[in-house]
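Participant: One structure, as structure tokens, below. Some questions next.
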Amino acid sequence: MISRKLQYVIAALTVAIFVLCFYLVHLKRKAESMGDEPVPQAMTAPISGPAEEITLYVANDEDASLLPVSVSSAMPLDPGERGRIVIHTLITRYLRNDSPHPLGAGADVHDVYLLDPASAVVNLNAAFADSHRSGVEVEQLTVFSIVRTLKAQFPGLSRVRFLIEGKTRETLAGHIDISGWLDVAMVADASGELK
Amino acid sequence: MLRAESIFVRVATLLLFLLAVGLAAETRRVVVYAPKTNYQLDILVRDGVDYLGLTDLLEPLGHVESRLEDNKLKLSFNGGEAEFQDGKRQYRVRANARLDLAANFLLVNGRGYVPVVSVTQLLSRIAVQPAEFHDGSCRLFIGSTKISYSAELRHDPSRLVLSFPAPVKPSTLVEKGRVHLLFHREPVVSSGADKVSYGDSFLLSTSFAEIPGGAEFIATVQQPATVSIGDGGRTVIISPATQPPSAPGTVPAPTASPAAQPHSPVPRPRPFVILDAAHGGSETGSVFSPTLIEKEINLMLARQLQKELESRGISVVLTRVADNPLTGDQRAIAANTSHSSLYIAIHSSASGHGVRVYTSMVPALQPRQTRRSFLPWELAQSPHLDQSRIAASAIAAECAYRGLPVRSSAAPLRPLNNVTIAAVAVEVAPLGASADELAAPEFQQRIAATLATSIASLRGKLGAAQ
Ligand SMILES: [Zn+2]
């Protein structure tokens, strides 16, 4: 006969195994739902600062050009927040009625994280990707326009990665691969070839 | 010590039991092939009888309404009426026709269940559709959905040609002495004789059997064999691996165990170019209008280009000839094993005008790396980037010469990074304002002729896959 004490031990062990199994499954799901890069927490930063000249690389579907445009915007000091504001300003421009490269309604950027001076992660919202037009050139123009705009803001930037709602996606809208890091120098070379 | 061992034994036994219960509880399913749709239904077992949910069965076939009155289920399907009673075999259909189920009707949580074996009778009465249930494979065929094949042994060289009235895409497994074709997607059924002896020097015999959820065709062969699929999936050819095996214009079907195929001493005829109509299946690419979908335009363009190339004496293979989905990796593997010299992915777009030519955005080979260095899959294109750029410039030059707007650039576009031959992607956009132009024969012919001329100019300039 097994003592009562032993029965408690067995019951406790069985429960522990199940709890651990569920925890393991939970961890696995969580790991799958995140990109393989840690997403740092957004830092609190002043919402606005003095107005500055910023450069946006604006895409034009008609001739597939990517041209620098200077605009003035109030800019905070925090680098991540600066990144978010330039990309938000760029997207706002694409959402205008006279946009040379229209994006879908509701498209926006949640955050831009600078992991180190050379690596930036751009976390876009679901509407940005879900409503994006599908095509090699249209998707390429969007991605290159964001990468080059960030490069203009952060000259030391060498690679950029995209997340949609905090998660890695294979492609922006069926074509351009955004599952990994994009090399900023190669993007600059390739967009030079564009126009 | 003893106590710890006994704990382990008990815990292990408990876990094994739970695992066994889990496995035993794995639901069996019936695969339903209907004229417009295929679906699967879970089997519910009660008192040793297999049951199917009545509304789950009928809903994909038409308009179903059901209402519960006490222990009766009244059902209307496409205007016809039927009435079932919980725990009773007898049911009523339309005007007072009374019929019997093979076992009692079941009501579980307000949902009606009928015995699987009675489903054919039920469908013929309620849905007025002939139906056939195959017990061995748990497949239900509604209407004339079954696909039966014909098999013919042809000679010089010996090869078995299987012809199907509709496209099929079997999984193939080639092992020593046997070739297996597994049909899990299509409703393939026996064509009469399930076992046929040929006694040929290549083909000894064939057999056909239904297996759970599908069917399996096995050819017993006396020589190493290969499988190729042609005519848009309507023809499957099993031929000796040492003979030219392919149906014209197709890539060999990917096999589950390529390593099991012995090395063939005689090389296959080498195509010069592999054309990859991008997208396919549920992955549609761009949708220009309800009737104009990128995956279809891409395939039309690929076919037109194939014709133009073949008329110039250039041999071509296609990654897909039907509306089937392929992953980027599958496309790259098809290119890398095709022994071609050039891979061209074909896309179409309603944005902008003319032709865009893309090469991989992969880093060029570092000076210390050699072509023979081991490279990760993501960098497989690196050693071939120069050749890809030669191909891209040739295409761009011909487009410009013929007055087509053209641009070329590098792009992070799958599967270009993973291809180990010269590789480019082409995106074609209309010249005018309307996307309808993409489907116009004159437009497609103009694009195809331009691409074909530039590809022809690349002969002798590109190396083949190693
Ligand atoms: Zn496409």
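Participant: Here are some residues: B:287, B:362. Which one is within 16 Å of the ligand (Cβ to nearest atom), over 22 Å from residue B:233 (Cα atoms) and out of contact with any Lys or Arg (no Cβ under 7 Å at 6 or more places or on another chain)? Outline the logic, then answer.
Facilitator: Details: B:362 fails: within 16 Å of the ligand (Cβ to nearest atom).
It is B:287.
Participant: Let me ask something else. When you look at residue B:293, is it within 16 Å of the ligand (Cβ to nearest atom), touching a strand residue (DSSP E or B) at 6+ places or on another chain (Cβ under 9 Å) and β-branched (Val, Ile, Thr), yes or no?
Facilitator: Numbers: within 16 Å of the ligand (Cβ to nearest atom): yes; touching a strand residue (DSSP E or B) at 6+ places or on another chain (Cβ under 9 Å): yes; β-branched (Val, Ile, Thr): yes.
It is true that residue B:293 is within 16 Å of the ligand (Cβ to nearest atom), touching a strand residue (DSSP E or B) at 6+ places or on another chain (Cβ under 9 Å) and β-branched (Val, Ile, Thr).
Participant: Does residue B:307 satisfy the criteria of being of a type in the set (D, E, K, R), in contact with a His (Cβ under 8 Å, 6 or more places away or on another chain) and either assigned to a helix (DSSP H, G or I) or within 16 Å of the ligand (Cβ to nearest atom) (or both)?
Facilitator: Values: of a type in the set (D, E, K, R): yes; in contact with a His (Cβ under 8 Å, 6 or more places away or on another chain): no; either assigned to a helix (DSSP H, G or I) or within 16 Å of the ligand (Cβ to nearest atom) (or both): yes.
No, not satisfied.
Participant: Whether any residue in the range A:54-63 is open to solvent by less than 60 Å² (accessible area, probe 1.4 Å), under 29 Å from residue B:354 (Cα atoms) and in contact with a Gly (Cβ under 9 Å, 6 or more places away or on another chain) is what I want to check.
Facilitator: First pass over the range A:54-63, keeping only residues open to solvent by less than 60 Å² (accessible area, probe 1.4 Å): A:54-61, A:63.
Retained after the next criterion (residues that are under 29 Å from residue B:354 (Cα atoms)): A:56-61, A:63.
Those left that are additionally in contact with a Gly (Cβ under 9 Å, 6 or more places away or on another chain): A:61, A:63.
Among the residues of the range A:54-63, at least one is open to solvent by less than 60 Å² (accessible area, probe 1.4 Å), under 29 Å from residue B:354 (Cα atoms) and in contact with a Gly (Cβ under 9 Å, 6 or more places away or on another chain), which makes the answer yes.
Participant: Do you know which residues across the range A:104-155 are in a helix (DSSP H, G or I) and β-branched (Val, Ile, Thr)?
Facilitator: So the first thing to find is which residues in the range A:104-155 are in a helix (DSSP H, G or I), and the list is A:126-130, A:136-153.
Hits for the range A:104-155 are A:136, A:138, A:142, A:143, A:146, A:147, A:149.
Participant: Just to be sure I understand the filter: pairs with C-beta atoms under 7 Å, separated by 6 or more residues or on different chains, first member in the range B:38-59 and assigned by TED's automatic domain parsing to the domain that holds residue B:115 and of a type in the set (D, E, K, R), second member part of a strand (DSSP E or B) and open to solvent by 80 Å² or more (accessible area, probe 1.4 Å). Which pairs pass?
Facilitator: B:42/B:29
Participant: Considering only residues that are assigned to a loop (DSSP other than H, G, I, E, B) and within 16 Å of the ligand (Cβ to nearest atom), look in the range A:170-195 and name the one that is most open to solvent (accessible area, probe 1.4 Å).
Facilitator: Residue satisfying both the conditions and the ranking: A:170.
Participant: Going by the conditions given, is residue A:162 assigned by TED's automatic domain parsing to the domain that holds residue A:61, in contact with a Pro (Cβ under 8 Å, 6 or more places away or on another chain), more than 24 Å from residue B:429 (Cβ to Cβ) and buried (at least 16 other Cβ atoms within 10 Å of the Cβ)?
Facilitator: Numbers: assigned by TED's automatic domain parsing to the domain that holds residue A:61: yes; in contact with a Pro (Cβ under 8 Å, 6 or more places away or on another chain): no; more than 24 Å from residue B:429 (Cβ to Cβ): yes; buried (at least 16 other Cβ atoms within 10 Å of the Cβ): yes.
Answer is no for this residue.
Participant: Within the range B:442-466, which residues are outside any helix (DSSP H, G or I) and within 28 Å of the chain's Cα centre (by Cα)? Spell out the reasoning first.
Facilitator: First, the residues of the range B:442-466 that are outside any helix (DSSP H, G or I): B:457-466.
Within the range B:442-466, B:464, B:465, B:466 meet the criteria.
Participant: Turning to a different aspect of this structure: Of the conditions (1) within 27 Å of residue B:387 (Cβ to Cβ); (2) modelled with pLDDT of 95 or more; (3) open to solvent by 10 Å² or more (accessible area, probe 1.4 Å), residue B:445 fails just one. Which one is it?
Facilitator: (1)
Participant: Yes or no: residue A:96 basic (Lys, Arg), away from chain B (no Cβ under 13 Å), open to solvent by 20 Å² or more (accessible area, probe 1.4 Å) and touching a strand residue (DSSP E or B) at 6+ places or on another chain (Cβ under 6 Å)? Before the answer, list the steps.
Facilitator: On the way: basic (Lys, Arg): yes; away from chain B (no Cβ under 13 Å): yes; open to solvent by 20 Å² or more (accessible area, probe 1.4 Å): yes; touching a strand residue (DSSP E or B) at 6+ places or on another chain (Cβ under 6 Å): no.
Against the criterion (basic (Lys, Arg), away from chain B (no Cβ under 13 Å), open to solvent by 20 Å² or more (accessible area, probe 1.4 Å) and touching a strand residue (DSSP E or B) at 6+ places or on another chain (Cβ under 6 Å)), residue A:96 does not qualify.
Participant: Might you check whether a residue that is closer than 23 Å to residue B:393 by Cβ and more than 10 Å from chain A (Cβ to nearest Cβ) occurs anywhere in the range B:319-329?
Facilitator: Initial filter on the range B:319-329 (closer than 23 Å to residue B:393 by Cβ): none.
No, the range B:319-329 contains no residue that is closer than 23 Å to residue B:393 by Cβ and more than 10 Å from chain A (Cβ to nearest Cβ).
Participant: When you scan the range B:142-177, how many residues do you find that are assigned to a strand (DSSP E or B) and modelled with pLDDT under 85?
Facilitator: Just the residues of the range B:142-177 that are assigned to a strand (DSSP E or B), to begin with: B:142, B:147-148, B:150-154, B:159-163, B:171-175.
Now narrow it down to the ones that are modelled with pLDDT under 85: B:171-175.
Of the residues in that region, 5 qualify.
Participant: Take residue B:319 and tell me if it is closer than 16 Å to residue A:175 by Cα and within 16 Å of the ligand (Cβ to nearest atom).
Facilitator: On the way: closer than 16 Å to residue A:175 by Cα: no; within 16 Å of the ligand (Cβ to nearest atom): yes.
No.
Participant: Another question, then. Within the set of pairs 6+ apart or on separate chains, which have a first residue in the range A:133-145 that is farther than 18 Å from residue A:57 by Cβ, a second that is more than 12 Å from the ligand (Cβ to nearest atom), and C-beta atoms under 8 Å apart?
Facilitator: That search, which allows pairs on different chains as well, returns A:133/A:102; A:133/A:104.
Participant: A follow-up question, please. Only one residue in B:391, B:345 is at pLDDT 95 or above, open to solvent by less than 10 Å² (accessible area, probe 1.4 Å), more than 16 Å from the ligand (Cβ to nearest atom) and not acidic (Asp, Glu), so which one is that?
Facilitator: Working: B:345 fails: more than 16 Å from the ligand (Cβ to nearest atom).
Just one listed residue meets the conditions, B:391.
The values are calculated or read from the model by the stated rules, or taken from the named source; none is laboratory data. Given the structure is predicted, the values throughout are model-derived calculations rather than measurements. All Cβ positions, glycine included, derive from the backbone under ideal geometry; neighbour counts span all protein chains shown. Heads up: the accessible areas ignore ligands, DNA and RNA and are worked out on the full protein's heavy atoms, side chains in. Shrake-Rupley method; radii C 1.70, N 1.55, O 1.52, S 1.80 Å.
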